Structures are given as C-alpha cells and as structure tokens.
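The values are calculated or read from the model by the stated rules, or taken from the named source; none is laboratory data. It should be emphasised that the depicted structure is a prediction, and the values quoted were computed from it without experimental measurement. Quick reminder, even Gly has a Cβ in these numbers, built from the backbone with ideal geometry, and neighbours come from all protein chains shown. All accessible areas refer to the heavy atoms of the entire protein, side chains included, with ligands and DNA or RNA removed. Shrake-Rupley method; radii C 1.70, N 1.55, O 1.52, S 1.80 Å.
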Amino acid sequence: MSLKKDGQDESLNQKSNDYNLDEDIKNHPGFGKPLPSHLFSGDIYANFTKTAKEAGYLPPFIELQKEIRQEIAKTIKLKGDDTKESEAKDMIDEINKKIQKYNTICPPMMQKGRINFNSIENQYINWE
C-alpha cells in the first residue's frame, strides 16, 4: 500500500532537478566571486547589453526578426513563380502573424508594419 499523494513524485523529481542545477551552478568558474565593479558604474543598461552581446545572447524579438526576414526572402522568390502565387500569399499571412507577435515583444521604436503581396520587395528593405 502506497501512502504517496498524487503529485508527490513530481515534487521529488523537481527537487532532484533543482539540486542538480545547483551543483552545475557551483561548478561554474565564476561561482562565489563578486561581480566586477565596472558593471555598476556608468550606464548600467549599456553594461548589460555589452555583457549579453559578449555572451552571445540575442533577445527573442531579434531572433524573430531574423526569422521574419528569411521568410520574406523566401516569399519574394515564390512570388516570382506564377504557379506558386497562392503559396506565397499563404506565407504572407503566416509572416504577418509573426510580425504581430514581434510587435508585441519588441521595443515600441522597433515595431514594423504588416507586409502585403504587392509591395513585399519594398517592405523587405525595412527588415534588413
């Protein structure tokens, strides 16, 4: 007879995973060392962006921006082929959904408009 309640096994697994994560963090070469003082002087945001860039971090909206740019380029190639015009229009609908998502997560100054079939080549320039 088991006295375990539902979900108890999951909490034990979570504690085990947390312990393993703690061990990984403790094995990091910078663990226990103070942060460099230059990170707290001057423009803190600029220091953060510099450090994030050096670490190879890309914000999610930048990754989405690159993905949208690549899909627009593919759509432009399809648009040139008359037999695949309907497929290109479907791709534009999908791209516009991604643009809507992009606009919700990016800074307001970086928001971009939706694209349409007739002027996609001109709008591609805005995504470069």
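Structure notes:
- Filter result (without any contact (Cβ under 8 Å) to a residue 40 or more places away in the chain and surrounded by 14 or more Cβ atoms within 10 Å (Cβ to Cβ)) within segment 66-97: E71, L78, K84, A88, K89, M91, I92, I95, N96
- Check on Q100, surrounded by 11 or more Cβ atoms within 10 Å (Cβ to Cβ), among the polar types (S, T, N, Q), part of a helix (DSSP H, G or I) and without any contact (Cβ under 8 Å) to a residue 60 or more places away in the chain: no
- Residue in segment 35-51 that is under 23 Å from W127 (Cα atoms), among the basic types (K, R) and modelled with pLDDT of 80 or more present: no
Yes/no matrix, rows are residues, columns are (1) in contact with a helix residue (DSSP H, G or I) (Cβ under 9 Å, 6 or more places away or on another chain); (2) acidic (D, E):
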{"position": "G56", "(1), (2)": "no, no"}
{"position": "R69", "(1), (2)": "yes, no"}
{"position": "T75", "(1), (2)": "yes, no"}
{"position": "E85", "(1), (2)": "yes, yes"}
{"position": "I92", "(1), (2)": "yes, no"}
{"position": "I99", "(1), (2)": "yes, no"}
{"position": "P107", "(1), (2)": "yes, no"}
{"position": "N118", "(1), (2)": "no, no"}
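- Tallying residues that are outside any loop (DSSP other than H, G, I, E, B), open to solvent by 70 Å² or more (accessible area, probe 1.4 Å) and closer than 13 Å to Q65 by Cβ within segment 111-128 yields 1.
- Residue list for segment 43-65, filter: assigned to a helix (DSSP H, G or I) and either touching a residue at least 12 places away in the same chain (Cβ under 8 Å) or surrounded by 12 or more Cβ atoms within 10 Å (Cβ to Cβ) (or both): N47, F48, T49, K50, T51, A52, P60, F61, I62, L64, Q65
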